[in-house]
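S.K.: Right, I'll just put the structure down here and ask away after.
What follows draws every value from the coordinates through simple rules; no lab data is involved. On a predicted model such as this, the values are computed, not experimentally measured, just so you know. Using ideal geometry, Cβ is built from the backbone for each residue, glycine included, and neighbour counts are taken over all protein chains shown.
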Amino acid sequence: MSEELIDSDIRMAQTLPSEFYTEEKYFTKQMEEIRQCLQFVGHQSEFDSDMTPIPHLEAILKQPLLRTNHESEKHLLANVCTHRGMILCQEKKNGNSIQCKYHGRTFEKNGKLKHMPGFENVENYPADSDNLPSLNLEAWFGFEFTSLNPSLKLESILQPIEQRLNWWVKDLNLQHDAARDREWDIDANWILYVDNYLEGFHIPFVHPELNNALSKEEYSTECYENAVLQIGMANENDICFDIPDDAVDAGKRVAAYYWWLYPNMMMNIYPWGVSMNIIVPTSVNTTKILFRSYVQNPELLEMGAGALLDKVELQDQNVVEGCMRGLRSRLYHRGRYSAIHEKGVHHFHMKLTR
Ligand code: FES
Ligand SMILES: [Fe+2]
């Protein structure tokens, strides 16, 4: 991929060519890139069982994983038996050990081999390779992340959020609300979903109800190395954050902080709590969208910009699927960016093609 493909001057640049959204060879490269990036595991409040499989990471990383609580430690283990490769745990459960249902091999919840019937005469056994391998599991104010790339620095990626919202993170007490989780399969390439997220340009056209909840003039976009922040301001009568006087956004009526984390995660912060969006590319033409809700102030759930999530989502999916059809057109190849409204999309395309 060429460095020049997306001109760094947005006023000159052309958008990402259509083959990046439609051709298998680009999709394969994009998946390799995604697998090296930070990935969301979940929030501590949803790991109340001793063992929790993480299906969305299996889809992204091609690696079945099991999040475990072992005494006071947390682990992210391969969910694959070291004997003949059986999946160990298919659903959330409690117990003192992980037992394979095929031939009964058992492991401690930190991955260490515990017992295997019928292996009494086996030489050089047990070896290190009989234990379950694990991935890094890093916690950030209750949110847990991992990556196949051990050199990736969680703090540097999430630092812009922590700096901007230090008043918010310090009092965090979020609880997962499974009743509010959502899952959709859409007929569109994953990049289209991210592109659409990264601009508020379409809000007046696609989301009339959200447009009414947000103040017209003040939607803003800021680009960071691995993140884009969009801020929606509340209308006069709508719910907004109570921001302390010494904060960067003091005096502003912020309705929502929309953080995108490169390349496939969104952390939407509302006065009620957090909606995490996880984008799972399932093929070059299809994408699974997961919403996870973590609630801090349940009494604010039905108020303001954060109350319209389902409606807004379906409106977005409709335009994203429409673009997927359009991108297959012979008569379209690439477009131009609005230098005012599409800074986030431009930033993403530059990063993806670098
Ligand atoms: S595959 Fe697990 S014990 Fe045989
Ligand atoms: Fe939208």
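S.K.: Ranking request for peptides 172-181, 231-240: highest mean number of other beta-carbon atoms within 10 Å first, then the rest in descending order.
M.R.: So the order, starting with the most tightly packed, is 231-240, 172-181.
S.K.: Please go through the residue pairs Lys311/Lys343; Lys62/Lys311; Lys62/Lys112; Lys153/Lys216 and name each one whose alpha carbons sit more than 29 Å apart in this structure.
M.R.: The pairs that break the limit, which is 29 Å between Cα atoms, are Lys62/Lys311; Lys153/Lys216.
S.K.: Going 7 Å from the Cα of Leu314 in the Cα-to-Cβ direction, what parts of the stretch 195-232 have a backbone nitrogen less than 20 Å from that spot?
M.R.: So the set is 197, 203-213.
S.K.: Name the residues of the stretch 332-354 whose amide N is less than 20 Å from a point 7 angstrom out from the Cα of Phe205 along the C-beta direction?
M.R.: Counting only backbone N, you get 332-349.
S.K.: Treating only the Cβ atoms of Lys and Arg (+1) and Asp and Glu (-1) as charged, compute the dipole magnitude of the stretch 39-140 about its Cα centre; round to the nearest 20 debye.
M.R.: Here the stretch 39-140 has a charge dipole of around 260 debye.
S.K.: What angle, in degrees between 0 and 90 and rounded to the nearest 10, separates the Cα long axis of helix 154-164 from the longest principal axis of the Cα atoms of the chain?
M.R.: Taking the Cα atoms of the chain, the angle to 154-164 is about 40 degrees.
S.K.: Another one. Sequence gap at least 6, Cα distance under 8 Å: using those rules, report the relative contact order of the stretch 52-127 to the nearest whole percent. All intermediate terms of the calculation are to be shown ahead of the outcome.
M.R.: Values: 115 pairs, mean separation 15.5, N = 76.
Contact order relative to length: 20 percent.
S.K.: Here's something else I'd like to know. For every other residue with a beta carbon closer than 12 angstrom to the beta carbon of Val80, add +1 if it is Lys or Arg and -1 if Asp or Glu, then tell me the sum.
M.R.: Spelling it out: positives minus negatives among the neighbours equals +2.
S.K.: Hey, if you put +1 on the Cβ of every Lys and Arg and -1 on every Asp and Glu Cβ in the stretch 125-257, which of Gln159, Val194, Gly251 ends up farthest toward the positive end of that dipole?
M.R.: The one lying farthest along the dipole's positive direction is Gly251.
S.K.: Sticking with this structure for a sec: Just to be sure I understand the model, the point goes 7 Å from the Cα along the line to the Cβ. What's the resulting Gln175 to Asn124 distance in nm?
M.R.: 5.3 nm
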